[in-house]
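See below for the structure under consideration.
The values are calculated or read from the model by the stated rules, or taken from the named source; none is laboratory data. Because the structure is a prediction, the values reported are computed rather than measured. Neighbour counts are summed over all protein chains in view; Cβ atoms, including those assigned to glycine, are modelled from backbone coordinates with ideal geometry. Just the protein is used for accessible areas: all its heavy atoms, side chains included, with ligands, DNA and RNA removed. Shrake-Rupley method; radii C 1.70, N 1.55, O 1.52, S 1.80 Å.
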Amino acid sequence: MDSLSLSTEHYIGNELSLFEKAVNWKAYYGSKLKPYLKNRVLEVGAGIGGTTLSLCDGSQKEWLCVEPDAALASDVSRLIETKKLPSCCHLHVGTLSDLPKQAPFDAIMYIDVVEHIEDDRSELALAYEHLAPNGVLIVLVPAYQWLYSPFDKAIGHYRRYTRSMLLKAMPPQSKILHAWYLDSVGLLASGANKMLLKQSDPTPKQIKFWDSLLVPVSKVTDKIFQHRFGKSVLVIAQKPG
């Protein structure tokens, strides 16, 4: 789906429900992001609110969830209405391109979203316009096109990324604070699955195994290998003041 359009078409992916309970994974990448999630935060592609639940701790001045799919947005709305999300959380049903003009954000993040957008560079350039001076643009995407599978295609992924690919998609005037691969053990497991098992769709049992056993090991091995490879790519870029 092209999030630059005004479309609110139904999201075709099912990975949101599959990965909803990947608590170790969310906590792992969340530990890299939380130092930057201050003041006014914009989360593009909030989905069913799983990332929001994991990362928004209520210390922020505002946390705006943007979600183009009305059905998914209704889940976020319920989380807000039932106070499962902090009072700083608000919802915009639509896309970044139709977001009303307002004060710039201190952090804008795309968690497993940019791979769904055909024109990723234009999307991130638009996000940059909504960013305050010294604010950060945070992007997490799946890594390595050689891992692209029928599952990726079925859930609407245009591509998977290398670190250099993602850096080229970032606004050129931004200052790169971090450019890391995450989940080195998960990468090895995914590679083995692709070559040996040839299974395209992960099962809930496999997701649980990966999250409970492999992710904790990756937290150690990623440091050992200095984030040189992994199943996901994370870039944090700052807008100069």
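Of all helices (runs of 4 or more DSSP H) completely enclosed by the range 160-231, which ones contain at least 2 residues that are small (Gly, Ala, Ser)?
Because the criterion is at least 2 residues that are small (Gly, Ala, Ser), the helices (runs of 4 or more DSSP H) in the range 160-231 that meet it are 163-169, 184-192.
Of all residues in the range 179-202 being open to solvent by 50 Å² or more (accessible area, probe 1.4 Å) and not charged (D, E, K, R), which is modelled with the lowest pLDDT?
That would be LEU197.
Among the residues of the range 120-129, what is the count of those that are crowded, with 21+ Cβ neighbours inside 10 Å and more than 17 Å from the chain's Cα centre (by Cα)?
Adding up the residues that qualify gives 0.
Suppose we keep only residues that are in contact with a Gly (Cβ under 7 Å, 6 or more places away or on another chain) and open to solvent by 30 Å² or more (accessible area, probe 1.4 Å) within the range 61-99. Which one would you say is farthest from ARG40 (Cα to Cα)?
This residue is ASP75.
Go through the range 100-115 and count every residue that is touching a residue at least 24 places away in the same chain (Cβ under 8 Å) and open to solvent by 10 Å² or more (accessible area, probe 1.4 Å).
Qualifying residue count for the region: 6.
Could you tell me whether any residue of the range 63-70 is at pLDDT 95 or above, touching a Phe, Trp or Tyr at 6+ places or on another chain (Cβ under 9 Å) and more than 26 Å from ASP119 (Cα to Cα)?
No, because not a single residue in the range 63-70 is at pLDDT 95 or above, touching a Phe, Trp or Tyr at 6+ places or on another chain (Cβ under 9 Å) and more than 26 Å from ASP119 (Cα to Cα).
Whether any residue in the range 142-157 is under 13 Å from VAL44 (Cα atoms) and not β-branched (Val, Ile, Thr) is what I want to check.
No, the conditions are met nowhere in the range 142-157.
Would you confirm whether any residue within the range 127-136 is closer than 21 Å to LEU182 by Cβ and not small (Gly, Ala, Ser)?
Checked the range 127-136: at least one residue is closer than 21 Å to LEU182 by Cβ and not small (Gly, Ala, Ser).
Inside the range 132-153, can you point out the residues that are under 24 Å from GLY241 (Cβ atoms) and either among the β-branched types (Val, Ile, Thr) or within 17 Å of the chain's Cα centre (by Cα) (or both)?
Matches in the range 132-153: VAL136, LEU137, ILE138, VAL139.
Using the structure shown, decide if ASP75 is among the acidic types (Asp, Glu) and either assigned to a helix (DSSP H, G or I) or modelled with pLDDT of 95 or more (or both).
Yes; evaluated as a whole, the condition is true for this residue.
Here are LEU18, LEU33: which of them is assigned to a helix (DSSP H, G or I), modelled with pLDDT under 95 and farther than 15 Å from ILE117 by Cβ?
LEU18
Looking only at the range 135-156, count how many residues are open to solvent by less than 40 Å² (accessible area, probe 1.4 Å), modelled with pLDDT of 90 or more and either outside any loop (DSSP other than H, G, I, E, B) or within 24 Å of ALA107 (Cβ to Cβ) (or both).
Final tally of qualifying residues: 10.
Go through (1) closer than 20 Å to VAL44 by Cα; (2) at pLDDT below 95 one by one and return the number of the condition ARG160 breaks.
Condition not satisfied by ARG160: (2).
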